[in-house]
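Reviewing the structure listed below.
The values are calculated or read from the model by the stated rules, or taken from the named source; none is laboratory data. Remember, it's a predicted structure, so these values are computed and weren't measured experimentally. Here Cβ is always computed from backbone atoms with ideal geometry, including for glycine, and neighbour counts include all displayed protein chains. Just so you know, the surface numbers come from the protein's heavy atoms only, side chains and all, with ligands and any DNA or RNA stripped out. Shrake-Rupley method; radii C 1.70, N 1.55, O 1.52, S 1.80 Å.
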Amino acid sequence: MERTFVMIKPDGVRRGLTADILAIFLRKGYRLLGLKLMRISRELAERHYAEHQGKAFFEPLLAFMTGGPVVAMVLAGTDAIATVRTLMGATDPAKAQPGTIRSMFATAVTENVVHGSASPEDAEREIALFFAPGELLAGPA
Ligand code: GDP
């Protein structure tokens, strides 16, 4: 079992896609260890996307991510980090494989509906940024 951090971004929540996206992950078989609807502060967005600091799209990305509520979750499953990213599709929806979440629901790299951790290090760092230990189940219920 591996844990990963997944977020439905503000465009996904605003467009009413929360239930559809959650259903894809849950029907696939991942177990939910934590789930919450929240607003992201600028500070949290900066820390989450620290690797992109200094890039041209950094400020627009922060404005987008803090512009509306998100749904943050921790999912567990076999190879969850890589398989969630496969299910999400490429960062640019135009390059995402048919059937992936970004292919089905997004049209722009700036508003691509979902986030999923890219590596085990990122997953644990992002889980700790968004959830207090007491907010997470220790294992699948
Ligand atoms: P991800 O792991 O697939 O989300 O991709 P990255 O970590 O590379 O980028 C983080 C987020 O920044 C992406 O999901 C996009 O929303 C945004 N992003 C990435 N590359 C670009 C870009 O070239 N231009 C813009 N405007 N946004 C980008």
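Protein heavy-atom accessible surface, 1.4 Å probe, per residue over the chain: 50 Å². Between A56 and K95, what FRET efficiency follows from the Cβ-Cβ distance if R0 is 25 Å, with the result rounded to 0.05? E(calc), rounded to 0.05, equals 0.80. Charge tally around G68: other residues with Cβ under 13 Å, Lys/Arg +1 each, Asp/Glu -1 each, net +2. Towards the positive end of the charge dipole of the chain, with charges on Cβ (+1 Lys, Arg; -1 Asp, Glu), say which of I81, I127, F105 has the farthest Cα. Highest projection toward the positive end goes to F105. The residues neighbouring D79, those whose beta-carbon lies less than 11 Å from its own, together hold a net charge of 0 under the Lys/Arg +1, Asp/Glu -1 convention. The simple Förster model, with R0 at 22 Å and r as the Cβ-Cβ distance, assigns A63 and E43 a FRET efficiency of 0.95. A 1.4 Å probe, protein heavy atoms only, puts the accessible area of I101 near 0 Å².
Computed with a 1.4 Å probe on the full set of protein chains, the accessible area for S103 sits at about 40 Å².
Label-to-label distance, E121 versus A138, with points set 7 angstrom from Cα along the beta-carbon direction: 2.9 nm.
Out of the total accessible area of segment 1-67 (probe 1.4 Å, heavy atoms of protein only), what percent is carbon and sulfur? Can you show the working numbers first?
Details: 1930 of 3650 Å².
Carbon and sulfur together cover 53 percent of it.
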